[in-house]
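The values are calculated or read from the model by the stated rules, or taken from the named source; none is laboratory data. Owing to the predicted nature of the structure, the values given are computational and were not obtained by experimental measurement. Positions of Cβ are generated from backbone atoms using ideal geometry, with glycine treated the same way; all protein chains shown enter the neighbour counts. Side chains included, ligands, DNA and RNA excluded: accessible areas come from the protein's heavy atoms. Shrake-Rupley method; radii C 1.70, N 1.55, O 1.52, S 1.80 Å.
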Amino acid sequence: MATSNIRIKKMCEWCGNEFEAQKCSTRYCSKRCAEHAYKERKRQEKKKRVENHEIERVAAEGENKLKDSQYLTVAEAAKILKRTRFGIYKLIYRGVLKAYRITGQWTVIKRADIDVMIEARPYERKPKDAAIVNSENGEAISEFYTTKEIIEKFGVSNSCVFAQGKAHNIPKVYHRGKTLWSKAHCNRVFAAKPEPPKEDDWISYSNVRAEYNLTYDQLHNYVKYHGLRRKKVGKYTYILKSEIDAILRPPTLK
Ligand SMILES: [Zn+2]
């Protein structure tokens, strides 16, 4: 194999002398220079490793210091919580995170206040539908009617829903500003309604007035306001005892 006759003028990367290379990739004029360069490269690599290690060490030390620090700057709090400084300021402005403004440029956050902020906000799974535990059998009730739905479905008045709800202890919950009634209970209570009240279910105005110590007008206002069912027999007015009781009977502790 014939050696190449090409001679390339190059500058030694180690000593800087000009030399004639046989290959483009030759970088040094001599083996000696190549060895020097190699050793220098290794030295630089080692130096870099040591430097990187030092940077890591300092960072870790800083983090450790931060760990023990009771008082934090906004930047430090951001670092700990892995948020931006802006994110921390947002928490402060919203009153979520307590901070102290010592001077115009100096805000201090107590580490304990970060814990307080976190503790106050446990992640709670919000039930999709409001649910309550049925006291009768301990099962969770998950199906509800709104008051409006009951009115439409069973053709009763708003006050009737509440009166019956009270009279029959229909489990209810408040969800997003609405009263929700246990579906199963409502189906029982309101479906049973078309059955005419029995003779014994009625009570005369005068008996109610005596029992609850009411004037005629007071009682009449209750009846009208709550839309209670009435029947007239001769000159006497009767109402359903269960309905008036639901309104006037003092609540009992369960
Ligand atoms: Zn050289």
Would region 199-248 count as rounded, prolate or oblate if I go by the C-alpha gyration tensor, calling it rounded below 1.5 in a/c and otherwise prolate when a/b exceeds b/c, oblate otherwise?
rounded
Percent accessible area from carbon and sulfur atoms, the chain, protein chains only, probe 1.4 Å:
52 percent
Scan around residue 21 for amide H atoms under 5 Å from its own, H built in the peptide plane at 1.01 Å from N, and keep only partners 5 or more places away or cross-chain.
8, 9, 10
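What does the net charge come to around residue 108 if you take all other residues with beta carbon closer than 12 Å to its beta carbon, with K and R at +1 and D and E at -1?
+2
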Everything considered on the Cα gyration tensor (a ≥ b ≥ c; rounded for a/c under 1.5, else prolate if a/b is larger than b/c, else oblate), region 69-119 must be described as rounded
Which ³J(HN,Hα) values, rounded to whole Hz and listed in residue order, are derived for region 232-244 from phi using the Karplus coefficients 6.51, -1.76 and 1.60 in 6.51 cos²θ - 1.76 cosθ + 1.60 with θ = phi - 60°, glycine and proline given as x?
10, 10, x, 9, 9, 9, 10, 10, 7, 4, 5, 6, 6
Can you give me the relative contact order of the chain as a percent, contacts being Cα pairs under 8 Å and 6 or more apart?
9 percent
With every protein chain left in place, what is the accessible area per residue of the chain in square angstrom, probe 1.4 Å?
76 Å²
What does the extension gain come out to for residue 100 and residue 86, with contour length at 0.36 nm per residue minus their alpha carbon separation?
3.4 nm
Distance in nm between pseudo-label sites at residue 112 and residue 217 (7 Å out along the Cβ direction from Cα):
6.2 nm
Relative contact order (percent, whole number), region 148-254, Cα cutoff 8 Å, 6+ residue spacing
28 percent
Roughly how big is the chain's charge dipole about its Cα centre, with Cβ charges of +1 (Lys, Arg) and -1 (Asp, Glu), in debye to the nearest 20?
1260 debye
Quick note, region 170-232: a/c under 1.5 would make it rounded; otherwise a/b > b/c is prolate and the rest oblate (a ≥ b ≥ c, C-alpha gyration tensor); here it is oblate
Give me the net charge of residue 59's neighbourhood, meaning all other residues with Cβ under 14 Å from the Cβ of residue 59; Lys, Arg count +1, Asp, Glu -1.
-2
Expected 222 nm ellipticity per residue - DSSP helices of 4 or more, -39500 (n - 2.57), all of the chain, to 500
-14500 deg cm²/dmol
Two-decimal Rg/Rh across the chain, once Rg and the Kirkwood Rh are taken from alpha-carbon atoms
1.54
